[in-house]
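*Asks:* Can you keep this structure in mind? I'll have questions shortly.
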Amino acid sequence: MAAPSAGCYLGNMRLLLCAVSRPRALALVVSGLRARCHHAAPLPHNQISSSSPSVLSQLSLGLTLQPDFITAEEEAGLCRELEPVLRKKRYESGHWDDAIHGFREVERLHWSPESSTVIQRVRDKAFPPGENQLSLVHVLDLQKDGYIKPHVDSIKFCGSTIAGICLLSDSVMRLVSVDNPEERADLLLPRRCLYIMSGVARYNFTHEILRGEESFFNGVPVPRERRISVICRNLPVS
């Protein structure tokens, strides 16, 4: 693999400086730096709207977004495989930490050969070789009027990086600084995209999926339908 660029090293220093003020997140940020340089790519500027250049600079170090990461055929295959499993569950109105409303979820280990190829592509994109990953894939099914409230991910259940593909619907993710609510950004997540979050983007900012009546990007409505996210994660720092 090619050596990380000077920009990546400079970005890493800024990540560490941000994390120093949050000791519990420091180990997670350090763990995420290797993965960040692995999947580093410019964040599409037409798909993020930030309150300031400083916020954009901070978030770009821990966010990657790749539209059309999977094809319509691959999306249909994943949905066909997941639908019988999800159908057995009821949509729930509250999560254990009250972060998610109108959802059902499963953890999945075994996939068809076709879906396994897609999942492996996500893993290869998000994590460097040798990264310890959770074998279970988290599948979150959010009904049309469901939403995810602002939260910072728990460090108990996964490591520094999450990578998700979005099925069935566009949506808007909002990120807000935990130190200054005026510092925020909206990220447009198009259907069939891959998003990767690590470091500062996960631990120095809350993130949420906006409910239907709030689902706007740069003043333009982003209609919300049922949304399934398929999420790969690395292992927590011990």
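*Asks:* Taking only the alpha carbons of segment 78-142, what extent do you get along each of the three principal axes, in Å, biggest first?
*Replies:* 38, 27, 15
*Asks:* Students sometimes get this wrong: rank 170, 141 by accessible area, probe 1.4 Å, all chains present, largest first.
*Replies:* Solvent-accessible surface, decreasing: 170, 141.
*Asks:* Here's a follow-up. Leaving out same-chain residues fewer than 8 places away, which lysines sit with a Cα under 24 Å from that of residue 144?
*Replies:* 88, 89
*Asks:* For residue 46, what is the net charge nearby, where nearby means another residue's Cβ is under 15 Å from its Cβ and Lys, Arg count +1, Asp, Glu -1?
*Replies:* -3
*Asks:* Nothing charged except the Cβ atoms of Lys and Arg (+1) and of Asp and Glu (-1): what's the magnitude of the dipole of segment 126-219 about its Cα centre? Round to the nearest 20 debye.
*Replies:* In debye, rounded to 20, segment 126-219 gives about 240.
*Asks:* A further question on this structure: For segment 87-192, compute Rg over Rh where Rg is the Cα radius of gyration and Rh is the Kirkwood radius from the inverse mean 1/r over Cα pairs.
*Replies:* Ratio of gyration radius to Kirkwood radius: 0.96.
*Asks:* Still on this model: Determine the sum of side-chain charges near residue 74: Lys and Arg each +1, Asp and Glu each -1, restricted to other residues whose C-beta is under 13 angstrom from that of residue 74.
*Replies:* -1
*Asks:* Let me ask another. Give me the dipole magnitude in Debye, nearest 20, for segment 171-231 about the Cα centre, with unit charges on the beta carbon: positive for Lys and Arg, negative for Asp and Glu.
*Replies:* 420 debye
*Asks:* Which one of 230, 159, 185 has its Cα pushed farthest toward the positive end of the charge dipole of segment 121-230, where Lys and Arg give +1 and Asp and Glu give -1 at the Cβ?
*Replies:* Result: 230.
*Asks:* How much solvent-accessible surface does residue 110 expose, in Å² to the nearest 10, with a 1.4 Å probe and all protein chains in place?
*Replies:* Taking all protein chains as shown, residue 110 has close to 140 Å².
The values are calculated or read from the model by the stated rules, or taken from the named source; none is laboratory data. Here the structure is a predicted model, which means the values were calculated and not measured. When we count neighbours, we look across all protein chains shown, and the Cβ atoms used for this are built from the backbone with ideal geometry, even at glycine. Just so you know, the surface numbers come from the protein's heavy atoms only, side chains and all, with ligands and any DNA or RNA stripped out. Shrake-Rupley method; radii C 1.70, N 1.55, O 1.52, S 1.80 Å.
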